[in-house]
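Participant: Dumping the structure here so I can ask a few things about it.
Nothing in this text is a laboratory measurement; each read-out follows from the coordinates by a stated rule. Here the structure is a predicted model, which is why all the values come from computation and not from measurement. We place every Cβ from the backbone using ideal geometry, glycine too, and count neighbours over all the protein chains shown.
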Amino acid sequence: MTPAYRRLRAVISATRSIRCCRAEEAIRFYASIFENAEIGAIDRYRAGEEPDREGTIRYAGFSLEGMLFAAMDSAYDHGFSFNEAVSFLGDLMSSGDPGKTQRVTEAFLKMKKFDIAELRMAFEGEI
């Protein structure tokens, strides 16, 4: 792990806003597939905080393989959706091989949109 990668890892916190009523499901799913996962504090919406539904997640923190994430439910339509590239990236990042993890991380940090073929090539050490 290079010093630049360590510094970058220390300051980046990836955040995923998950549309209404699915944040807890996503957190528990990802925590179940990563070996080193930890669910932190969960803050829930209370009665009277409409349009969000009571009991859904206002904010939750969790970590996967040492990387910090945040998840939130929202009753608002933010105009984006989850896609298979995120799951694919999770598969690559959980290989247990630090070299592969570093190459994939360096590749995806340059991307505005995930390029599956390029991520696979980085994983295999072909770029």
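Participant: Arrange the following residues from fewest to most other Cβ atoms within 10 Å of their Cβ: Ile57, Ile42, Ile116.
Facilitator: Fewest to most other Cβ atoms nearby, the residues stand as Ile116, Ile42, Ile57.
Participant: Using all C-alpha to C-alpha distances in the stretch 83-127, build P(r) with 10 Å bins and read off the rounded percent in each one.
Facilitator: Result returned by the calculation: 32, 62, 6.
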